[in-house]
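Colleague: The structure is given below, and queries will be raised subsequently.
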Amino acid sequence: MVGDVPVVNPWLPQPRPPGGINGKPRRSVQEASAELTGPAAPQGAGVPPPEHALPVARAGQGGGHAWWWLGAHGGAGVSTLERAVPGGRDAGRAWPTAEHEQSVVLVARSGANGLRAAQNAVQQWASGMVTGIDLLGLVVVADAPGRRPKALRDLVRLVSGAVPRLWEIPWVEPWRLGEPPLAHLPRECAPLARDLTGLTRPV
């Protein structure tokens, strides 16, 4: 039951060292808004494997994109985000693999099924089942207008505590009606675009 989801995250992030994360230098002012709120790397041992795992596929060819949008499930909102926040490319619901590290943004709807799918994908990453992935964070796209029930808010908190960053996109009625995403951008898209641009570089 969704209502039984604990609010304590089993994948606690490690304390950040004074010099930065995992020995890396501190971020620039441009990247300050993208500060880590969860673990920066897979935890490996101790993280259980997921019930359902996303496939791993060879990354598509072609440059010009700085990150991959990875939908944790069908209808997550990847195609809309790809148009609303230029710079990323749809990974086709599979973890990308290539000769060099791939930046990935996980996407899920805020309903129970979407969040559970995101939890499975996060466990897959956190347990070390996928490699060569720089998971930038999770985008939760509202599945309905209005305030979420407490059970879903708790589930968002649980899942997001195991990823480096969380961004939330509200319900946009014109998007549901098929209108162009760029013509009806919610204000939350601006910090998402700024953060991802600051965290990545085109390849």
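Colleague: I need the calculated FRET efficiency for the pair residue 37 and residue 99, taking r as the beta carbon distance and R₀ as 35 Å, to the nearest 0.05.
Modeller: Efficiency computed from Cβ-Cβ geometry: 0.70.
Colleague: Also, I was wondering about something else. Give me the orientation-averaged projected area of the Cα convex hull of the stretch 126-175, in nm², one decimal.
Modeller: About 4.5 nm², averaged over all directions.
Colleague: Please work out the Cα convex hull volume for the stretch 41-199 and give it in Å³ per residue. Show your work: numbers first, answer last.
Modeller: Working: hull volume 17.5 nm³, N = 159.
Output value, Cα hull per residue: 110 Å³.
Colleague: Ok, one more. Express in nm, to one decimal, how much length is gained between residue 173 and residue 150 on full extension, taking 0.36 nm for each residue of separation and deducting their alpha carbon distance.
Modeller: 6.0 nm
Colleague: Just round it to a whole percent: the fraction of Cα-Cα distances in the stretch 113-203 exceeding 21 Å.
Modeller: When all Cα pairs of the stretch 113-203 are counted, 43 percent exceed 21 Å.
Colleague: Estimate the FRET efficiency between residue 52 and residue 182 by the formula 1/(1 + (r/R0)^6), using the beta-carbon distance for r and 41 Å for R0, to the nearest 0.05.
Modeller: For residue 52 and residue 182, the calculated efficiency is 0.75.
Colleague: Once the dipole of the stretch 68-203 is set up with Lys and Arg at +1 and Asp and Glu at -1 on Cβ about the Cα centre, which of 122, 159, 92 lies farthest towards its positive end?
Modeller: Checking the options against the dipole of the stretch 68-203, the answer is 159.
Quick note: the coordinates plus some simple rules give every number you see, no bench work behind them. If you're wondering where the values come from, they're calculated on a predicted model, not measured in any experiment. Note: ideal-geometry Cβ built from the backbone for every residue, glycine included; neighbour counts use all protein chains shown.
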